[in-house]
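Some notes on the structure that comes next.
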Amino acid sequence: MAASRDQPAFTRGPHTLTVPAELFQENRQRLCEKLKGKVPSGAIVLLQGGDSQTRYCSDHEPLFRQESYFQWAFGVEEPDFYGAIEVDTGNTILFPPKLPEDYAVWMGKLLSCEDFKESYGVNEAHWSSDISSVLKGRNPAVLLTLKGLNTDSGNYSREASFDGISQFKVDNTILHPEIMECRVFKSDKELDAIRYSNKISSDAHKEIMKSIRPGVYEYQMERGANGAVLHYGHAGEPNSKLVQDGDMCLFDMGCEYYCYASDITCSFPANGKFTEKQKGIYEAVLKSSRAVMAAVKPGVSWVDMHLLADRTHLEELKILGLVTGDIDEMMKVRLGAVFMSHGLGHFMGLDTHDVGGYPEGTERSKEAGLNSLRTVRILEQRMVLTIEPGIYFIDVLLDAALNNPEQAKFLVREKIDSYRGFGGVRIEDDIAITEDGMELMTCVPRTVDEIEILMEEGRKQPPLPLPQDMKK
């Protein structure tokens, strides 16, 4: 439920960012402007929000998180809503679910339609059970529903449906490309929310750098300060490793604030001091990151930025003695993809991997490394992306390259073998494209000296008490 204020807004207290409902009003206005002239007069956008769910067959309710397109348009925190926007006027209607009266015993006071109208700053609110009759009273020329492919997940967005929708003329092709494109370009208020999310996550990364030490388990660092939520680790490979002296740590994590994401990766030595090997690879990745940052601006190809990162990696690896030969020839055989098989970065917004990477008319490359790019677009002002180059030593990729004559001739086998088991380094920052360059929203130590100084400060503080340190 949105916070109760004189003006509708979201906040988690006076110490947090206040996000006004105007953010979503502006989003709806942008969408209507894009649709006008492409749809008949009297068209209505109809979106269906996320459902309340339980865990398998139990009655346990996981924490609800709103569907991102619905969040973009309405900013509604609760499940089981519908929302409608009249394209001609921007008039906005929310349709909350009418809960049984006895729910008040478990959930507290049940809100009225008027409460929802005021909380979310919309023109009208009616119960979702009345959606058919309310829309019929508007006599819409067409209902514009959302159906389209998410090119990151391969899944399709959920098209709104309700009892009686067959009585209306429905178009499910026009809306998706238009609202998707709106989400690619962030408003000033959206940028404020993403900056705030970055601040929280940046602070959490710094706390982890100060707190980590050999002898802790990876999952024990997931407590990151200020509510940061980590998004790495999975059931088959949980964060259960005991951190050892000499390990190179890689923390990829970011929080959401009102569903607006951040995504930051920091790499650093567990003991606070880089070895020469760790320093060499780390500074190679940092040089790549900063080369891309210096080059990004409106009109630049994201594919070219990935290739710039590849080239910088190969130049630095040549200095370190891991590869030899002509860099241009290495680029032709995609040697860079042996060390960085993922794409340089991705759009970010209401989803960590945000929508709009491959709109109609764009095509994914089939070349190694480039085929992992989450977008191939030309950069434009107000796009938000991550820049996350990395160098990794992955046995299966190294072995394949050493068995490929076109690539093996550039690899110094003895030197390569000495890095097996090293792991990898990734540096990930969040940026917004500006009129003539970029804004860096992430604020964490990045140079070797900055990291070592911060980690040394952390060593001066009393260590966090951990269960494995306590006497039984």
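The values are calculated or read from the model by the stated rules, or taken from the named source; none is laboratory data. In this text the structure is predicted, and so the values were computed from the model without any measurement. Heavy atoms of the whole protein, side chains included, go into the accessibility calculation; ligands, DNA and RNA do not. Shrake-Rupley method; radii C 1.70, N 1.55, O 1.52, S 1.80 Å.
Taken over the chain, the convex hull of the Cα atoms encloses 187 Å³ per residue.
For the chain, what is the accessible area per residue in Å², given a 1.4 Å probe and the full set of protein chains?
Values: 22020 Å² over 472 residues.
Each residue of the chain exposes 47 Å² on average to a 1.4 Å probe.
For the listed residue pairs Lys34/Lys189; Lys318/Lys409; Lys136/Lys169; Lys199/Lys297, the alpha carbons are over 21 angstrom apart in Lys199/Lys297. Dividing the summed -39500 (n - 2.57) terms of all DSSP H runs of n ≥ 4 by the residue count of the chain sets its mean residue ellipticity at 222 nm at -9500 deg cm²/dmol.
Tell me the carbon and sulfur percent of the accessible area for the chain, rounded to whole percent, probe radius 1.4 Å. Don't skip to the end; give the middle numbers.
Details: 11120 of 22020 Å².
That fraction is 51 percent.
Within straight cross-link reach of Lys98, meaning Cα distance under 18 Å, which lysines are found once same-chain residues fewer than 8 apart are removed? In chain and number order, the partners are Lys109, Lys117.
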